[in-house]
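The values are calculated or read from the model by the stated rules, or taken from the named source; none is laboratory data. Just so you know, these numbers come straight off a predicted model, no measurement behind them. Here the Cβ positions follow ideal geometry from the backbone for every residue, glycine too, while neighbour counts run over all protein chains shown.
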Number of protein chains: 2
Amino acid sequence: MEKWNALYAQSGGVTAVINASASGLIETARKHSDQIGNVFAARNGIIGVLTEDLIDTSLESEADIAALRYTPAGAFGSCRHKLGSIEKHRKQYERLVEVFSAHHIRYFFYNGGGDSQDTAHKVSQISKELGYPITCIGIPKTVDNDLPFTDNSPGFGSVAKYVAVSIREAGMDVASMAETSTKVFIMEVMGRHAGWIAAAGGLAAEKDGDSPHIILFPEIPLKVDAFLARVKACVLNYGHCSIVASEGLKNAEGQFVSDQGLVDAFGHKQLGGVAPIIAKIVKESLGYKYHWALADYLQRAARHIASKTDVEQAYAMGKAAVEFALAGKNAVMPIIVREKGNTYRWSVGEAPLEKVANVEVKMPRDYITDDGFGITDACRAYLSPLIQGEDYPTYKNGLPQYVKLKNTAVAKKLDATFEVA
Amino acid sequence: MEKWNALYAQSGGVTAVINASASGLIETARKHSDQIGNVFAARNGIIGVLTEDLIDTSLESEADIAALRYTPAGAFGSCRHKLGSIEKHRKQYERLVEVFSAHHIRYFFYNGGGDSQDTAHKVSQISKELGYPITCIGIPKTVDNDLPFTDNSPGFGSVAKYVAVSIREAGMDVASMAETSTKVFIMEVMGRHAGWIAAAGGLAAEKDGDSPHIILFPEIPLKVDAFLARVKACVLNYGHCSIVASEGLKNAEGQFVSDQGLVDAFGHKQLGGVAPIIAKIVKESLGYKYHWALADYLQRAARHIASKTDVEQAYAMGKAAVEFALAGKNAVMPIIVREKGNTYRWSVGEAPLEKVANVEVKMPRDYITDDGFGITDACRAYLSPLIQGEDYPTYKNGLPQYVKLKNTAVAKKLDATFEVA
């Protein structure tokens, strides 16, 4: 049986655990060296494929591939480039075939979210459309938790844990000083279109009065009066009010609150920042002293506080992708299936790339309380298993030891370069 | 020998480890129950003393007092109230004596930074000025690391570790995407007057090209041209540029950069936020896509990533305070003494409150590189031991289990209330 090489690439915003998927994939492929030759990685996602910028992962040590499991961000680089349709951009697909063919590649693994699975789906059509036999498997990843079919998306559990831990800690800080100082604290979190990450903050509140007291979801337009009334009630009842606000919060007219926003000293619009706008609304109406935080990349890179469940699932997705390919599957993505029953158990399932691509799963309305400011028990039951367990990296000199791979380039075999549009 | 009660209070901004000092103090006092009666805690610092709002810590279990070691923020509440001088505000001091006397208190422990040690110093004068025999011991605490005499301040090591870990992780995230997306990342950290916290970010960079590439200190006025040139050089050499910016950064005219800042849609000035202003300067001059984070309270509350060294030192300071009091010392503060030699070792020393009060220690100029954008080897040698070791809290349901004390109020014995000015 002839051995073919595999190509792996990372796509879209990176996470604390996407490299765990890479580790699972490469370690599993190495165990099947009778069937898979080298695993190459494309530098910066699909762009690296188009430009024939490949990395030879066989030159990385076993220890370094194992250490990927504990290393955040994208070890091979990522991109947000989407392939155009095969009808309109046939040249791109012919180029992919040239690169695959030149490097003896018949397995392609694409690790990303909804947009990236659209690209994976398009690559999977190459066999039929261009006659080159490529096996294409998607690997799920996104902090936004908005992929369909899978119970949850690898990457989300760790950002969820970060947000819940952070608002618990900061909320205690605010409570300590509230009598004479800051009474309102706002933590802005990611989630432009869906409130999953903001919802995870709600896990920190286990009993009445715990932080966060208010969650502002992208799914629920901000009603300023109701919001202010709630802030005031929290300060009266608990002495303070801690708020988790999604960057995707919209006003009653459906515009992003962050867009109504700030201008700098030159009158130019300032990008980003729901938290300072909410803070200002509170200050002007209620007069409370406030503080706010904006976690930005800190939240999705926080491998030091990753969810063990999330790490295990991310690794399992990479492993399953190789097993799927070797089992002759194509144009599918492994998914996480939640088993029925009171004890959380999960297994690996599969979904067709065709149906995964470009679908965004929003929070069900019954995961948000009727007043729109909190999460329901159903939401808590869904979210809680995803942040279970700690999986600490090793430390040296007080700092986590994350691996930096050699990322040695594979010698180019094609004469022509390719311009990515 | 008659037994007298002790009174402990927390003051100023809280930290991830101030409760470790409380734990050390209460556990040590309990071991000397032949000499010390109850340990009371004042609610919200000196305000709780003046208003006779005391907590009976003897009603807290051994397990809960032990758990304080792993719990961030201020378990008894804190304040920033400063006592006026004894000459001008004699009534306040007479009130303190009334409260001490009513509750049989002859030991007073005040846990805070420079301003708080001023209050501790003033309380220590009560014996001489008002004839009431009070033993007053300060306990050092501040994330700002600006207390004199002590080698470092409890609370600083943990925020230093948080900042170094966070910029390492976020820097890797930026590096992954820089080829086609965000090229400049700015993380704003605390430190209104001294750059110790910003400097700690520098520990994350262990070799050329590591994040952070630039540190902006309050001690070094921002030279915009030199800064932009450095950002550009980093993007050209490393593909991206990660920056740690102190909230206390000043411009060439000596004003806070955050004050030149943002106005909201109503034209009102927006408080806080050096990071978005720096981001804007970069965007307008160099055109790079940017992201920024503002850690705010997350950094000083982050017990989940506390420095083990910091926790041990904070605990030791609380323990030493009791031992000092029982040894007949007065008007002193235990300090951390760094032993000479290549291996980091520390011991407990002492400093007079009179000389500790109201002094702010800035970064030595030779801790900052000549160009003003980084830390020197001397600074690294000083900072590195302070972030050593991890000291994780216990987790339940994926979240750290922090203790919430009962905080049962002691029955008031005084008829008169007291209005805190």
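Observations
Per-residue answers, yes or no, for (1) under 28 Å from residue A:291 (Cα atoms); (2) without any contact (Cβ under 8 Å) to a residue 12 or more places away in the chain; (3) hydrophobic (A, V, I, L, M, F, W, C):
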{"site": "B:178", "(1), (2), (3)": "no, no, yes"}
{"site": "B:208", "(1), (2), (3)": "no, yes, no"}
{"site": "B:219", "(1), (2), (3)": "yes, no, no"}
{"site": "B:242", "(1), (2), (3)": "yes, no, no"}
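- Taking the numbered list (1) surrounded by fewer than 22 Cβ atoms within 10 Å (Cβ to Cβ); (2) away from every other protein chain (no Cβ under 14 Å) in turn, residue B:287 passes all entries but (2).
- Candidate set: segment B:188-208, residues that are more than 10 Å from chain A (Cβ to nearest Cβ), farther than 21 Å from residue B:297 by Cβ and modelled with pLDDT of 95 or more; chosen: the one farthest from the chain's Cα centre (by Cα): B:205
- Residues located in segment B:355-370, provided they are in contact with a helix residue (DSSP H, G or I) (Cβ under 8 Å, 6 or more places away or on another chain), at pLDDT 95 or above and acidic (Asp, Glu): B:366
- Condition check for residue B:157: under 21 Å from residue A:297 (Cβ atoms), within 14 Å of another protein chain (Cβ to nearest Cβ) and under 21 Å from the mean Cα position of the chain (by Cα): no
- Members of segment A:333-386 that are within 30 Å of residue A:82 (Cα to Cα) and in contact with a Leu (Cβ under 7 Å, 6 or more places away or on another chain): A:333, A:356, A:361
- Selection of segment B:25-46 for residues being closer than 24 Å to residue A:170 by Cα and touching a Leu at 6+ places or on another chain (Cβ under 9 Å) yields B:41, B:42, B:43, B:46.
- Qualifying residue in segment B:94-106 (condition: aliphatic (A, V, I, L, M) and over 20 Å from residue B:330 (Cα atoms)): yes
- Residue match in segment A:326-335 (condition: within 14 Å of chain B (Cβ to nearest Cβ) and in contact with an Asp or Glu (Cβ under 6 Å, 6 or more places away or on another chain)): no
- Residues located in segment B:290-300, provided they are within 7 Å of chain A (Cβ to nearest Cβ) and not aromatic (Phe, Trp, Tyr): B:291, B:293, B:294, B:295, B:296, B:298, B:300
- Residue identified as of a type outside the set (D, E, K, R) and not assigned by TED's automatic domain parsing to the domain that holds residue B:184 among B:295, B:351: B:351
- Residue check for residue A:52: under 26 Å from residue A:93 (Cα atoms), in contact with a helix residue (DSSP H, G or I) (Cβ under 9 Å, 6 or more places away or on another chain) and in contact (Cβ under 8 Å) with a residue 24 or more places away in the chain: yes
- Residue check, residue B:310 without any contact (Cβ under 8 Å) to a residue 24 or more places away in the chain and farther than 30 Å from residue B:34 by Cβ: no
- Only a single item in (1) within 14 Å of chain A (Cβ to nearest Cβ); (2) more than 30 Å from residue B:227 (Cβ to Cβ) is not met by residue B:382, and it is number (2).
- Top-ranked residue in segment A:60-72 [being in a loop (DSSP other than H, G, I, E, B) and out of contact with any Phe, Trp or Tyr (no Cβ under 8 Å at 6 or more places or on another chain); ranked as nearest to residue B:172 (Cα to Cα)]: A:60
- Of all the listed residues (B:87, B:129), the sole one being in the same structural domain as residue B:323 (by TED's automatic domain parsing), more than 19 Å from residue B:6 (Cβ to Cβ) and without any contact (Cβ under 8 Å) to a residue 24 or more places away in the chain is B:87.
- Filter result (surrounded by fewer than 24 Cβ atoms within 10 Å (Cβ to Cβ) and under 18 Å from residue A:153 (Cα atoms)) within segment A:81-120: A:114, A:115, A:118
- Members of segment A:112-144 that are assigned to a loop (DSSP other than H, G, I, E, B) and not acidic (Asp, Glu): A:113, A:125, A:131, A:132, A:133, A:134, A:141, A:142, A:143
- Residue among B:421, B:411 that is more than 30 Å from residue B:221 (Cα to Cα), away from every other protein chain (no Cβ under 14 Å) and surrounded by fewer than 20 Cβ atoms within 10 Å (Cβ to Cβ): B:411
- Among the residues making up segment B:358-414, those that are among the aliphatic types (A, V, I, L, M) and more than 29 Å from residue A:169 (Cα to Cα) are B:359, B:368, B:375, B:378, B:381, B:411, B:414.
- Any strands (runs of 3 or more DSSP E) falling wholly within segment A:275-364 and containing at least 1 residues that are closer than 29 Å to residue A:6 by Cα: A:332-338, A:346-352
- Residue match in segment B:165-187 (condition: more than 11 Å from chain A (Cβ to nearest Cβ), assigned to a loop (DSSP other than H, G, I, E, B) and farther than 14 Å from residue B:235 by Cα): no
- Here is the figure for segment A:385-399: residues that are closer than 21 Å to residue A:154 by Cα and either facing another protein chain (nearest Cβ under 10 Å) or not acidic (Asp, Glu) (or both) total 8.
- Residue in segment A:47-59 that is surrounded by the fewest Cβ atoms within 10 Å (Cβ to Cβ), counting only those that are within 21 Å of residue B:172 (Cβ to Cβ) and within 12 Å of another protein chain (Cβ to nearest Cβ): A:53
- Residues of segment A:310-348 that turn out to be surrounded by 15 or more Cβ atoms within 10 Å (Cβ to Cβ) and either among the basic types (Lys, Arg) or outside the structural domain of residue A:106 (by TED's automatic domain parsing) (or both), as a count: 3
- Residues considered: B:150, B:180, B:142. Of these, the only one that is at pLDDT 95 or above and either over 17 Å from residue B:46 (Cβ atoms) or not β-branched (Val, Ile, Thr) (or both) is B:150.
- Members of segment B:31-46 that are assigned to a helix (DSSP H, G or I) and either under 23 Å from residue B:112 (Cβ atoms) or within 12 Å of chain A (Cβ to nearest Cβ) (or both): B:46
- Test: residue in segment B:221-239 that is within 13 Å of chain A (Cβ to nearest Cβ) and either surrounded by fewer than 19 Cβ atoms within 10 Å (Cβ to Cβ) or modelled with pLDDT of 95 or more (or both): yes
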